[in-house]
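In what follows, a single structure is set out as structure tokens and then discussed.
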Amino acid sequence: MLTPPDNSLLIAAARTALAGGKARARLFELDGRRYVVKRLAEQPRSWLQIVFMRWLVRRVTGQALPLRTLALSEAAGSMGYEAGRLKRLAAAGVRVPPVRAEADDFFVLDYCGTVAATLLEKWTPAEWHAELPRLARELGEFHAAGHWHGGAQIKNVTLHDGQSWRIDFEENFGEFLPLAAAQTADLLLFLNSISLAGPIDEAEARQLLPQLLDAYFGAHPEPEIRRIVRRAHPLLLRLATLARPFRRWSKKGIRRVEILVDLLAKV
């Protein structure tokens, strides 16, 4: 295995990579190894997002989140929170990219493959029927070990040499929620990110998502997650009903909600 280069060389190479564009994450190579540099978020969530999410969490879980938490104040002020989570998860045996270098406004990670959302665009039905249930099961195993992600969409899972890696741990709301509530949010984000993604149409999504739900609960049969979903379902159903008249102007979002609401009715 190649030895990582000196920290100062990594920092310098990372700064050069970031100077090449405005993207928050950029891939670069140094001494025959590939790395990813991730820069500080330029701005937190909008106040509309913050107020809505705070209301939704309180309605479903009975617990109010601090406004500064939902505003991503930790992520917007330093890179320390996400880098710290990555280090703690790695120490717990979770497959996350190793943090190789840190600066005030960015950090450097090992390259750990292509995100699953990108791969899905090219997968055949046979491939996604094999890979997606595996990712659902692995999310369940991750949760069963006592963890939560905060951004469990398939855009935040990479695949490399037959293994999956979790990325993007900016979200800190799970620090203030009951574990089951944070894990429920992960599960819903994961399922929603697959519905209508890439080549998956509505008929396929309605067949596939129940299989993914079964794979998840097979690895993590947590009754409290089912209870939270049941409490949330009437609210989600009401929102879907209100959104239905606008379906023709929505590319995928409203149809995704409708598919998810129908799926959760069976939990």
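Give, as residue ranges, the helices (runs of 4 or more DSSP H) completely inside the stretch 196-267 that count at least 3 residues that are farther than 21 Å from A116 by Cβ.
Result: 223-243, 253-264.
Residue by residue through the stretch 171-184, note down the ones that are open to solvent by less than 50 Å² (accessible area, probe 1.4 Å) and either out of contact with any Leu (no Cβ under 8 Å at 6 or more places or on another chain) or among the charged types (D, E, K, R) (or both). Working first, answer last.
Within the stretch 171-184, the subset open to solvent by less than 50 Å² (accessible area, probe 1.4 Å) is 171-174, 177, 180-184.
Hits for the stretch 171-184 are E171, G174, A180, A181, A182, Q183, T184.
G151 fails exactly one of the following numbered conditions: (1) touching a residue at least 40 places away in the same chain (Cβ under 8 Å); (2) surrounded by fewer than 20 Cβ atoms within 10 Å (Cβ to Cβ). What is the number of that condition?
(1)
Condition first: over 23 Å from the mean Cα position of the chain (by Cα) and either modelled with pLDDT of 95 or more or part of a strand (DSSP E or B) (or both). Now tell me which residues in the stretch 29-60 satisfy that.
Result: E29, L30, R33.
Condition (residue is assigned to a loop (DSSP other than H, G, I, E, B), open to solvent by 90 Å² or more (accessible area, probe 1.4 Å) and either in contact with a Cys (Cβ under 7 Å, 6 or more places away or on another chain) or at pLDDT below 90 (or both)) applied to the stretch 9-26: is it met by at least one residue?
Scanning the stretch 9-26 turns up at least one residue that is assigned to a loop (DSSP other than H, G, I, E, B), open to solvent by 90 Å² or more (accessible area, probe 1.4 Å) and either in contact with a Cys (Cβ under 7 Å, 6 or more places away or on another chain) or at pLDDT below 90 (or both).
Inside the stretch 124-148, can you point out the residues that are open to solvent by 40 Å² or more (accessible area, probe 1.4 Å), out of contact with any His (no Cβ under 6 Å at 6 or more places or on another chain) and hydrophobic (A, V, I, L, M, F, W, C)?
Once the filter is applied, which keeps residues that are open to solvent by 40 Å² or more (accessible area, probe 1.4 Å), out of contact with any His (no Cβ under 6 Å at 6 or more places or on another chain) and hydrophobic (A, V, I, L, M, F, W, C), the stretch 124-148 yields A126, A130, A145.
Applying the selection to the stretch 75-133, what residues are touching a strand residue (DSSP E or B) at 6+ places or on another chain (Cβ under 9 Å), modelled with pLDDT under 95 and under 17 Å from A152 (Cβ atoms)?
Within the stretch 75-133, E82 is the sole residue that qualifies.
The values are calculated or read from the model by the stated rules, or taken from the named source; none is laboratory data. Computed from a prediction, not measured in an experiment: that's the story for all the values here. Virtual Cβ from ideal backbone geometry, glycine too; neighbours counted across all protein chains shown. Keep in mind that these areas ignore ligands, DNA and RNA; they rest on the heavy atoms of the full protein, side chains included. Shrake-Rupley method; radii C 1.70, N 1.55, O 1.52, S 1.80 Å.
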